[in-house]
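As structure tokens, the structure follows; a few thoughts come after it.
The values are calculated or read from the model by the stated rules, or taken from the named source; none is laboratory data. Just so you know, these numbers come straight off a predicted model, no measurement behind them. With ideal geometry, Cβ positions are generated from the backbone for all residues, glycine too; neighbour counts draw on all protein chains shown. Areas reflect the complete protein model, heavy atoms only, side chains present, ligands, DNA and RNA absent. Shrake-Rupley method; radii C 1.70, N 1.55, O 1.52, S 1.80 Å.
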Amino acid sequence: MRVVSIVGARPQFVKLAPIDHAFAQAGIDHVIIHTGQHYDPLLSDVFFEDLGISAPDVHLGIGSGSHGEQTGAMLQALDRELPALHPDWVLVYGDTNSTAAGALSAVKLHIAVAHLEAGLRSFNRAMPEEINRIVTDHVSDLLLTPTAVGAEHLANEGLADRTVVVGDVMTDVLMHTRDTVGHDDSPLLEELALDDHSFSLATIHRAENTDDPERLRAILHSLGEVPHPVVILAHPRLVAKCAQFNIPLTDGAWGNLRVHPPLAYPDLIKASLHARSIVTDSGGLQKEAFLLRVPCTTVRPQTEWVETVQLGWNVLVEPGQALVNAVSRPTPLEPADEDAHPYGDGHAAERVAHTLLKTAIKRP
Ligand code: UD1
């Protein structure tokens, strides 16, 4: 069987790693198409190197642009590339423009499409990711969902008969990385002269938080007001938006805020294990914080990973004093829910391989 994975943005490379390994084990012929949505080495190449992912077979080199430009260019390129590869399945990941373009191109070429991380919903249709999820779920033939909550959302949209709960592949890679490098020192602490558990680690990159200058300033101001160091790992979108709005993004510009480039995946996990808390608007990092049992503060009105909030490890806040207070809250001394595993057992990718091998889709 041949499966073509379509990926393009940082979180998709993390999800691709356990899939690539599980497909090799299962004897699946795996072809990787990189759309080029993310092209900075720190957002792309280092993930392939660190996580031992096979090099992409096809690189579309699309790059940045408006949603329409980016998605349209991907559709054109995929229409050209996919037929010659003769896939049994196209596999798309998560909720980016690369996901929606991959699913749309494949389904119209009458190629079976599976969506990994199906069924997540924020119920906020202003988010581009929410639109990408809805479109992708409704055109895909097989919906591989990480959680029971995801399966419930799909059932509510009439998609139950295409749904399989497989667990979360990011949990697979997180557990493996924690077990292999989790006990190592974090180079970030030495580089920034930080004591263990004395600082919070922050990432902010969502369009809702970066594209409105007032909101962006309010977030940076609040992070600087936290009474301990907050290290922000500056995503290129954040850097670009600060430059566009003349908002300073340097050490000392915002109280206790320290600015650092993005980290490679193993370094991010090591740094998270040494942080007193995480502040983010990323979906993946909320879940990683939960799995590592590090308190998380999410700067968004909703989350798709509701279990992290229900189990007490994540709080959703708006910029302002609520954000300062949340990031300053103490770490729970006795976590009550060590046994809660809503995201699976670390073997989701094997279930994906098995499900694709046994599912046949008939095309007109
Ligand atoms: C995309 C996804 C988002 C995901 C995020 C992970 C969509 C709609 N959004 O957001 O769901 O959480 O990836 O990181 O697909 N840029 C660079 N170098 C790069 C890539 C981007 O400088 O390698 C800058 C450019 O200014 C670009 C901006 O970042 O315009 C935004 O990039 P884009 O790919 O449009 O979306 P992300 O914000 O990265």
| Stokes-Einstein D (µm²/s) once Rh is taken as the Kirkwood radius of region 177-327 over alpha-carbon pairs, at 10 °C in 1.306 mPa s | 104
| note | The answer for the net charge of residues other than Glu157 whose Cβ lies under 14 angstrom from its Cβ, with Lys and Arg +1 and Asp and Glu -1, is 0
| field | Calculated FRET value between Asp179 and Ala207, using beta carbons and R₀ = 35 Å, to 0.05 | value | 0.50
| remark: Here region 345-360 yields Karplus 3J(HN,Hα) values (6.51, -1.76, 1.60; θ = phi - 60°; whole Hz; Gly and Pro given as x) of 10, x, 10, 5, 5, 5, 5, 4, 4, 4, 5, 5, 5, 9, 9, 10
| message | To make sure I understand the rule: partners must be lysines, Cα under 18 Å from the Cα of Lys108, and not fewer than 8 residues away in the same chain. Which ones qualify? | response | Lys362
| What does the charge dipole of the chain about its Cα centre add up to, to the nearest 20 debye, if the Cβ of each Lys and Arg holds +1 and the Cβ of each Asp and Glu holds -1? | 860
| task | Collect residues whose amide H, placed 1.01 Å from N in the peptide plane, falls under 5 Å from the amide H of Arg258; neighbours closer than 5 in sequence don't count. | result | Val230, Val231, Ile232
| query | Measuring from label point to label point, each 7 Å out along Cα→Cβ, what is the Ser328 to Ala240 span in nm? | reply | 3.5
| remark: Long-range share for region 169-244, i.e. C-alpha pairs more than 17 Å apart as a percent of all pairs, stands at 59
| query | Against the longest principal axis of the chain, how steep is helix 213-225, in degrees 0 to 90 to the nearest 10, with axes from Cα atoms? | reply | 50
| What does the charge count near Ala55 come to, summing +1 for each Lys or Arg and -1 for each Asp or Glu among other residues with Cβ under 10 Å from its Cβ? | -3
| note | Listed residues Asp88, Asp179, Asp196; largest mean-square fluctuation, Gaussian network over the chain with Cα springs below 10 Å, found at Asp179
| How many angstrom lie between the C-alpha centres of region 76-93 and region 266-339? | 37
| remark: Quick calc of log₁₀ I(q)/I(0), the chain, Debye, one scatterer on every Cα, no solvent, q values 0.12 1/Å, result -0.87
| Roughly how many Å² of Val149 are accessible to a 1.4 Å probe, to the nearest 10? | 40
| query | How big is the charge dipole of region 55-122 about its Cα centre, in debye rounded to the nearest 20, if each Lys and Arg gets +1 on its Cβ and each Asp and Glu gets -1 on its Cβ? | reply | 140
| request: Quick one: go through region 219-261 and flag any residue whose amide nitrogen is under 13 Å from the point 7 Å out along the Cα-to-Cβ line of Ser198. | output: 228-230
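In deg cm²/dmol, rounded to 500, what helix-only [θ] at 222 nm does the chain give when every DSSP H run of at least 4 residues adds -39500 (n - 2.57) and the total is split over its residues?
The helix-only estimate for the chain comes to -13000 deg cm²/dmol at 222 nm.
Would you rank His235, His183 by solvent-accessible area, highest first, keeping every protein chain in place and using a 1.4 Å probe?
Working: His235 20, His183 170 Å².
I get His183, His235, largest accessible area first.
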| task | Assign unit charges at the C-beta atoms only (+1 for Lys and Arg, -1 for Asp and Glu), then state the dipole size of region 177-327 relative to its Cα centre in Debye, rounded to the nearest 20. | result | 260
| field | Between 0 and 90°, nearest 10: helix 97-108 axis offset from the chain longest Cα axis | value | 10
| field | Rounded tilt (10° steps) of 10-26 against the dominant C-alpha axis of the chain | value | 50
| said: Which trypsin sites (Lys or Arg not before Pro) in region 111-206 sit in a loop by DSSP (not H, G, I, E or B) and have at most 13 other Cβ atoms within 10 Å of their own Cβ? | reply: Arg125
